[in-house]
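Have a look at the structure below, then the notes.
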Amino acid sequence: MALLLVRRDLSLAWRQRGQVLLSIAFFLLSASLFPFAIGPDPLLLGRLAPGILWVAALFAMVLSLERVFQPDYEDGSLEQLALSGLPLFLLVLAKALVNWLTGGLPVALASPLVALTFSLPAALYPVLLASLLLGSLCLSLMGCIGAALTLGARRAALLVPLLVLPLSVPVLILGVMAVQAEAVNLTARPYLLSMGALCLLLVPLTAFAAPAALRQALD
């Protein structure tokens, strides 16, 4: 049942792929503006690149969080899914996976293209990509909690970023430090492992907190 839900949401996302492309376009454009503002100094750009890329990716991924539950809530599908016998925690985790596949994953895969404009050494691309893949998964899980808590609220599109962005600071710090550590010939492994552990901790937390918020919104 959960896999069918994932396939259904991916099919809907493909039909409305303009929204997916919007997140990628926002990431590409926002990050690409910094070299024009900072200047062409490759040393300065290379030093600032991890932080800039991560912040731009973070804001791009937040754009997709409003779509996690809201469309199904508005057309009544969410209530039907809740009554279908599918455990709510599986519904939440399926939604988090779809959000990552349609939001975090495309942004992470696009990051090497933006890194070219910052003169970031090619040797750092794998670490940058790995950190964004893990970090975006953490953000999708956090985002499900935020989206569930604000479901049905007025101006939910503004409330979700206000909830998620402060919680995303540890992920942002770990992601940037992973790339910076690799840049100075240190290992990024501790930071990537910490991000992986954070993802594992967020899975049960999301599976517990988001369903509770959904029940309250559907009552």
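Within region 142-200, work out how many residues are under 19 Å from V62 (Cβ atoms) and hydroxyl-bearing (S, T, Y).
From region 142-200, those under 19 Å from V62 (Cβ atoms) are 142-151, 153-176, 195, 198-199; that's our starting set.
With hydroxyl-bearing (S, T, Y) added as a condition, the list becomes 150, 168.
Selection size over region 142-200: 2.
Does L21 satisfy the condition of being free of Cβ contacts under 8 Å to residues at least 24 places away in the same chain, within 17 Å of the chain's Cα centre (by Cα) and in a helix (DSSP H, G or I)?
On the way: free of Cβ contacts under 8 Å to residues at least 24 places away in the same chain: yes; within 17 Å of the chain's Cα centre (by Cα): yes; in a helix (DSSP H, G or I): yes.
The answer is yes for L21.
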Name the residues in region 64-91 that are of a type in the set (A, V, I, L, M) and either assigned to a helix (DSSP H, G or I) or touching a Gly at 6+ places or on another chain (Cβ under 8 Å) (or both), would you? L65, V68, L78, L81, A82, L83, L88, L90, L91
Search region 180-206 for residues that are over 28 Å from L45 (Cα atoms) and pair each with any residue that is surrounded by fewer than 17 Cβ atoms within 10 Å (Cβ to Cβ) when their beta-carbon atoms are under 8 Å apart and the residues are at least 6 apart or on different chains. L198/P170
State which residue is nearest to S111 (Cα to Cα) when the search covers only region 53-76 and only residues that are over 16 Å from the mean Cα position of the chain (by Cα) and crowded, with 16+ Cβ neighbours inside 10 Å. Q70
Picking from L53, L48, L29, L58, which residue would you name as being free of Cβ contacts under 8 Å to residues at least 60 places away in the same chain, part of a helix (DSSP H, G or I) and of a type outside the set (K, R)? L29
Assuming L120 fulfils every condition listed in (1) buried (at least 22 other Cβ atoms within 10 Å of the Cβ); (2) touching a residue at least 60 places away in the same chain (Cβ under 8 Å); (3) part of a helix (DSSP H, G or I) apart from one, which condition is it? (3)
Report yes if some residue within region 210-218 is basic (K, R), closer than 28 Å to A115 by Cα and either free of Cβ contacts under 8 Å to residues at least 60 places away in the same chain or in a helix (DSSP H, G or I) (or both); otherwise report no. no
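To keep it simple, each residue is scored yes or no on (1) closer than 22 Å to A110 by Cα; (2) touching a residue at least 12 places away in the same chain (Cβ under 8 Å).
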site: C138; (1), (2): yes, yes
site: L151; (1), (2): no, yes
site: R154; (1), (2): no, no
site: L162; (1), (2): no, no
site: L165; (1), (2): yes, yes
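Could you identify the single residue in V107, V92 that is under 18 Å from the mean Cα position of the chain (by Cα), more than 30 Å from G46 (Cα to Cα) and of a type in the set (V, I, T)? Working first, answer last.
Working: V107 fails: more than 30 Å from G46 (Cα to Cα).
Only one candidate qualifies: V92.
Say we look at region 164-195 and pick out the residues that are in a helix (DSSP H, G or I) and small (G, A, S); which of these is farthest from L88 (Cα to Cα)? Talk me through it step by step, then tell me what you get.
The initial filter retains those residues of region 164-195 that are in a helix (DSSP H, G or I), namely 164-167, 169-183, 189-195.
From what's left, small (G, A, S): 175, 178, 181, 183, 194.
Values: G175: 30, A178: 34, A181: 40, A183: 43, S194: 28 Å.
Residue satisfying both the conditions and the ranking: A183.
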Across (1) closer than 23 Å to L137 by Cα; (2) surrounded by 14 or more Cβ atoms within 10 Å (Cβ to Cβ); (3) of a type outside the set (V, I, T), A25 clears everything bar (2)
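Going by the conditions given, is P161 surrounded by fewer than 24 Cβ atoms within 10 Å (Cβ to Cβ), under 15 Å from the mean Cα position of the chain (by Cα), in a helix (DSSP H, G or I) and not aliphatic (A, V, I, L, M)? Write out each step before concluding.
Values: surrounded by fewer than 24 Cβ atoms within 10 Å (Cβ to Cβ): yes; under 15 Å from the mean Cα position of the chain (by Cα): yes; in a helix (DSSP H, G or I): yes; not aliphatic (A, V, I, L, M): yes.
Answer is yes for this residue.
Any read-out appearing in this document is the output of simple, stated calculations on the displayed coordinates, not a laboratory observation. For clarity, every value in this text was computed on a predicted model and none was experimentally measured. Note that each Cβ is placed from the backbone with ideal geometry, even for glycine, and that neighbours are counted across all protein chains shown.
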